[in-house]
Amino acid sequence: MFIVGAGTIGLTALVAAKAWGAHSIILARHPHQQAAARALGADEVLTDDDAGTARLKELRHAQAIDLPSKRREVRAIR
């Protein structure tokens, strides 16, 4: 499961994902959020910087995660 954001909702989603046995990847902007995500058992914590962006691209290329393209997002809104 790919979770964007490590605030209250994101961390709650992480706990739920782990309870169901899902592999979890979370994007966390701030150091305290990154630490909380690790403490709650995230399998991978991506940072909001160039390294995190590069890792996200690697995961998409490897098809480890599936993110909608901008074109799909626009169609969904219409």
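The values are calculated or read from the model by the stated rules, or taken from the named source; none is laboratory data. None of these values were measured; they are calculated from a predicted model. Neighbour counts are summed over all protein chains in view; Cβ atoms, including those assigned to glycine, are modelled from backbone coordinates with ideal geometry.
Points to keep in mind about this one:
- Qualifying positions in region 11-20 - within 12 Å of the chain's Cα centre (by Cα) and in a loop (DSSP other than H, G, I, E, B): none
A quick yes/no check of all residues on (1) within 10 Å of the chain's Cα centre (by Cα); (2) of a type in the set (Asp, Glu); (3) at pLDDT 90 or above:
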position: Val4; (1), (2), (3): yes, no, no
position: Ile9; (1), (2), (3): no, no, yes
position: Ala28; (1), (2), (3): yes, no, yes
position: Ala42; (1), (2), (3): yes, no, yes
position: Leu46; (1), (2), (3): yes, no, yes
position: Asp49; (1), (2), (3): no, yes, no
position: Ala54; (1), (2), (3): no, no, no
position: Gln63; (1), (2), (3): no, no, no
position: Arg72; (1), (2), (3): no, no, no
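- Taken over region 21-30, the criterion of being under 17 Å from Thr53 (Cβ atoms) and outside any strand (DSSP E or B) is satisfied by Arg29, His30.
- Enumeration of residues in region 12-35 that are within 24 Å of Glu58 (Cβ to Cβ) and hydrophobic (A, V, I, L, M, F, W, C): Ala13, Leu14, Ala17, Ala22, Ile25, Ile26, Leu27, Ala28, Ala35
- Residues satisfying the stated conditions in region 31-46, i.e. touching a residue at least 12 places away in the same chain (Cβ under 8 Å) and out of contact with any strand residue (DSSP E or B) (no Cβ under 7 Å at 6 or more places or on another chain): Gln33, Ala36, Leu40, Gly41
- Residue check, Ala28 surrounded by fewer than 16 Cβ atoms within 10 Å (Cβ to Cβ) and out of contact with any His (no Cβ under 9 Å at 6 or more places or on another chain): no
- Residue count for region 29-47, restricted to those that are closer than 13 Å to Gly10 by Cα and of a type in the set (D, E, K, R): 2.
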